[in-house]
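Visitor: Below is the structure I would like to discuss, written out as structure tokens.
Nothing in this text is a laboratory measurement; each read-out follows from the coordinates by a stated rule. Not measured: the values here are computed from a predicted model. Here the Cβ is made from the backbone with ideal geometry for all residues, glycine too, and neighbour counts use every protein chain on show.
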Amino acid sequence: MKTVYWLQAGGCGGDTYSLLSSDFLDVNALFNTLNIDLLWHPSLSSLSHTSHRKMVDQITSGKIELDILVVEGAIICGPAGTGMFDTLNGRAKKELFHLLAHQAQVVVALGTCAAFGGFGVDHAIEATGLQFRKKEKGGALGAGFRAKSGLPVINLAGCPCHHDVIAGTLMALAGDTPLELDKFQRPLEWYSTMVHQGCTRNEYHEYRIEESDFGEMGCLFFHMGCAGPLVPGPCNKLLWNRHSSKPRAGVPCFGCTDPDFPRAISFFHTPNIEGIPLELPRGVNRAHYMVYKGMAAEAAPDRLKKRSSKV
Amino acid sequence: MSQIIKGLNIPVNRVEGDLEVRVDVVDHRIDNAWSAGTMFRGFESMMVGRGPLDGLVITPRICGICSLTHLSAAVTALDSITGITPPDNAIRLRNIALIAETIQSDMRQAILMYMADFTNAQAYRHHPLFKEAVDRYQMLKGTSVLEVIRKTKRLIEVIAIIGGQWPHTSFMVPGGVTSIPDTAKLMQCRLIIEQFKEWFESRVLGCTMERWQAVSSFKDLENWLGESPCHRNSEVGFFLRFAWKAGLDTFGRGTDNYISFGNFPFPRHTGVVPLNQINDKDEPGKRQNLVLTAPGFATGITPRPLDPTKITEDVSAAWFEQEKTTLHPFDGITRPYASGSSGEKYSWVKAPRYNSVPAETGPLAEMIMDKVPLFHDMIQQKGASALIRQLARMVRPASLLPAMGTWLNELMTHRDAPFYTSVKSIPDGEGAGMVQAPRGALGHWVKIKNRKISHYQIITPTAWNGSPRDKNKHPGPWEKALKGVALKNLENPVEAGHVIRSFDPCMVCAVHTLKKDGTPHKKFHTGWTF
């Protein structure tokens, strides 16, 4: 039996709605079968406020063991560091967050806002992630923070986080399966391949068949701002809601698992020099890549140039 | 001597985001109510200076449960700036996805959020239907809860097929949509919708949608309920039996003003008929600007045409800086003013007003604009109530599912027709995206200048419903609806919860909301809940 407390901070609730689409285990089965005791979830609990308060007191005083703290949404510190833009019973919610984080065996930052600050990092609300502020380690808990189990915050990036990643992480934590993390503390299990991997437009990418407008079947990387080759994530491997992904449906990947999401420059546009993106697929050698793409475009088959495939 | 309790604070969970309501109670009756969100997220100011299309990516992220509706308001504003009407197939695809989102929201709100209060043992253990309510609605275990989790998840697959994922896709773009599903996927959509309709009819209504549409008066409703065990045991039937016994039809009236922006614009060629023409044969069938659910403003049950210039936001009771107290959203700004103090200001939600009066929005407002006979009759007989508002939400899918099916069939017939008109760049200009979100009227007011967003104002449904007082001291709709509500047990004010939840509050959407520490009533501050 593992206890879970789910705190909603500065966010939209989208990760909870993503989780409701969990399919391998329905969300109810996820909690019931894994023997997870969901102490509190803001949308899925019917505990009275009085009982909830008592429970929080018992957790923060150590009378109830807290195994997993899930935080959805950014920690809001504004105005002027007070946190009063997000309150609970007249107190800054970030205070409750700190109390809970220091009691938990494991702390999970669910979604990019919780992981890296996301929307509002550079704005009046002074949002920050739990242990990162964008790429910079620190965040609300500080760079040296370790939960009681010794683990740093586990960052489940994404806006929202993929439902199977949330479910998978809960399964791993419920069964004490270790999760290896990358330098931004995202589990490699889901964040070691690029979003690009598995995209149905890959063949177009391969031969550099580029689109510069919506509604076509080719690759969206070169002109339309697609971040699929730049950021990690399982969108095209696990698929969303059993069926698809944004790039498959002609919507560029916005790079929502990246610590800098949302990027400062306009979406739907790839910054480039002479048609070559400023930022190339992760890890490639620029000179080699340009030669390769030039040759690939020459070698492109007609069926792709004519977009004669169905997808 | 009267027992007077002032400034009791009532936090509300199971709403999107955080909400606290403060009430004065005289002799176990709410004498006055103030509503305040407790979070400020400042989305509007994030938009200024960004690229013209960025609203399509950023605004859906305001809300996890109705992100497509924000996308649709954002794209409608841009469509109006470009002046390009999207092709028929684009309109069909947008509408189908939006209807799927609306229906999942209605079903989840009803079963997961609203009915959970019927399992409140302290309030209802002596209610004759209490045990059955627990069997149905217990969190993550109740039979109805499990069904709704499974069925809504399936319906959402339609959105993923059309737009890639849910929540938070951006497949609607100026000029249309980014892709059209192949025929095999459209066939899957048809099956998903068909299966959902079967479940909705057999379990939620307990009868066919046609039979339900024949229920056209309060008397009919009573007869319908007595007609068969299927009706009595359906979700709607059980809700009615539980709610009548608990008196939910006797409180929560509200302002009697209703507003809807209307939604689901028609393709040029379609077999779908606007709902108000189905319900009112005299309604003139103009072929221009046809929409499925009608826009309008109504006092009581008399709808009038909507005049968008009459919409203003009032900051008399809200902590925002603005040169004039009331401004149209094309002129308004969102600048939190977090210092100073005056007795007038107590909330961090702006107060949207229509022609200077507050108005409620949501499914009930739609039923009034669309002249649905059952709801017109119920309101004429007893006035609005928590029960009527919630009933409107539960049965709304019966009005939307047939149109969804028709548009899908039309897509399959015209699969090869265009779904996108190229829009090379967004010109400077201004446009409004006024749509009807699951929770009611949603507007995005956008200005583009020098290829950048220069102005972005959003008025959400919850801002209408949960608004504070205005310069005329008129309370917002749910503040008004709470006045006079009897609280049987002050320790467990479940009745107030029924009223507020009947408006389906979504506080993450009330993007202006902000609460400042130390309200004028702080000394009476007591933590309460529903």
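Visitor: Report the net charge of residues surrounding residue B:255, where surrounding means a beta-carbon distance below 14 angstrom and charges are Lys +1, Arg +1, Asp -1, Glu -1.
Guide: +3
Visitor: Exceeding 18 Å between C-alpha atoms, which entries from my cross-link table qualify? They are A:54/B:488; B:424/B:449; A:54/B:6; B:350/B:480.
Guide: Flagged as over cut-off: A:54/B:488; A:54/B:6.
Visitor: Could you work out how far apart the two model spin labels at residue A:213 and residue B:230 are, taking each label as a point 7 Å from the Cα in the direction of the beta carbon, and quote it in nm?
Guide: Placing both labels 7 Å along Cα→Cβ, they lie 5.1 nm apart.
Visitor: If you take the beta carbon distance between residue B:268 and residue B:325 as r and set R0 to 41 Å, what does 1/(1 + (r/R0)^6) give as a FRET efficiency, to the nearest 0.05?
Guide: Step by step, r from the Cβ atoms, then E = 0.45.
Visitor: Next question, about the same structure. What is the fewest-to-most order of B:6, B:185 by other Cβ atoms lying within 10 Å of their Cβ?
Guide: Ranking B:6, B:185 by Cβ neighbours within 10 Å, fewest first, gives B:6, B:185.
Visitor: What average count of beta carbons from other chains do you get within 10 Å of the Cβ of residues in B:62-71?
Guide: 4
Visitor: Evaluate the relative contact order of chain B (contact order divided by residue number), counting alpha-carbon pairs under 8 angstrom at least 6 apart; express in whole percent.
Guide: Across chain B, relative contact order equals 27 percent.
Visitor: Once you list every other residue whose beta carbon is under 15 Å from the beta carbon of residue A:1, what net charge do they have if Lys and Arg are +1 and Asp and Glu are -1?
Guide: -3
Visitor: Would you calculate a helix-derived [θ] at 222 nm for chain B, using -39,500 (n - 2.57) for each DSSP H run of n ≥ 4 and dividing by the full residue count, to the nearest 500?
Guide: -11000 deg cm²/dmol
Visitor: Can you find, among B:418, B:111, B:397, the residue sitting farthest towards the positive end of the charge dipole of chain B, where Lys and Arg contribute +1 and Asp and Glu -1 at Cβ?
Guide: Working it through, the farthest residue towards the positive pole turns out to be B:111.
Visitor: How many partner chain Cβ atoms sit within 10 Å of a residue's Cβ in peptide A:4-13, on average, as a whole number?
Guide: Across A:4-13, the average partner-chain Cβ count within 10 Å equals 5.
Visitor: Count the net charge of all other residues whose Cβ sits under 13 Å from the Cβ of residue A:258, scoring Lys and Arg as +1 and Asp and Glu as -1.
Guide: Summing Lys/Arg as +1 and Asp/Glu as -1 gives +3.
Visitor: In nm, give the distance between the simple-model label positions of residue B:406 and residue B:4, each being 7 Å from the Cα along the Cα-to-Cβ direction.
Guide: 5.8 nm
Visitor: Taking 45 Å as R0, compute the FRET efficiency from the Cβ-Cβ separation of residue B:135 and residue A:182 and round it to 0.05.
Guide: FRET efficiency, residue B:135 to residue A:182: 0.50.
Visitor: If neighbour count is taken as other Cβ atoms inside 10 Å, put B:376, A:123 in order from fewest to most.
Guide: A:123, B:376
Visitor: I've got another one for you. Residue A:265 to residue A:82: extension gain in nm, 0.36 nm per residue of separation minus the Cα-Cα distance?
Guide: Once the chain is fully extended between residue A:265 and residue A:82, it gains 62.9 nm.
Visitor: Straight distance only, please: which aspartates and glutamates reach the Cα of residue A:148 with their own Cα at less than 12 Å, same-chain residues fewer than 8 apart left out?
Guide: A:65, A:67
Visitor: When DSSP beta bridges are limited to those with both residues in chain B, what percentage is antiparallel, rounded to the nearest 5?
Guide: If I count the DSSP bridges inside chain B, around 95 percent turn out antiparallel.
Visitor: Pairs of alpha-carbon atoms within less than 8 angstrom and 6+ residues apart define the contacts here; what relative contact order does region A:6-72 have, in percent?
Guide: Relative contact order of region A:6-72: 55 percent.
Visitor: Starting from the 7 Å offset along Cα-to-Cβ, what nm value, one decimal, do you get for the label separation of residue A:282 and residue B:428?
Guide: 4.2 nm
Visitor: Using a simple charge model, +1 on the beta-carbon of Lys and Arg, -1 on the beta-carbon of Asp and Glu, nothing else, what dipole does chain A show about its Cα centre, in debye to the nearest 20?
Guide: 120 debye
Visitor: Still on this structure, I have one more. What's the extension gain from residue B:486 to residue B:220 if we count 0.36 nm per residue and subtract their Cα-Cα distance?
Guide: That pair, residue B:486 and residue B:220, stretches by 92.8 nm at full extension.
Visitor: Given the protein assembly as shown, what percent of its DSSP beta bridges are antiparallel, to the nearest 5?
Guide: 75 percent
Visitor: Sort A:295-306, B:471-482 by the packing proxy (mean of other Cβ within 10 Å over each peptide's residues), most packed first.
Guide: B:471-482, A:295-306
Visitor: Of A:237/B:153; B:151/B:197; A:135/A:183; A:246/A:306, which sit over 18 Å apart, Cα to Cα?
Guide: A:237/B:153; A:246/A:306
Visitor: Pop the C-beta distance of residue B:85 and residue B:472 into the FRET formula with R0 = 35 Å and round what comes out to the nearest 0.05.
Guide: Here the calculated transfer efficiency is 0.30.
Visitor: Take peptide A:117-130, look around each residue's Cβ out to 10 angstrom, count Cβ atoms belonging to other protein chains, and average those counts.
Guide: Mean number of neighbouring Cβ atoms from other chains: 3.
Visitor: May I pose another question? Counting only helical runs of four or more DSSP H residues, what would the 222 nm mean residue ellipticity of chain A come to if each run contributes -39,500 (n - 2.57) and the total is spread over all its residues?
Guide: Taking each H run of at least 4 residues, the total per residue is -7000 deg cm²/dmol.
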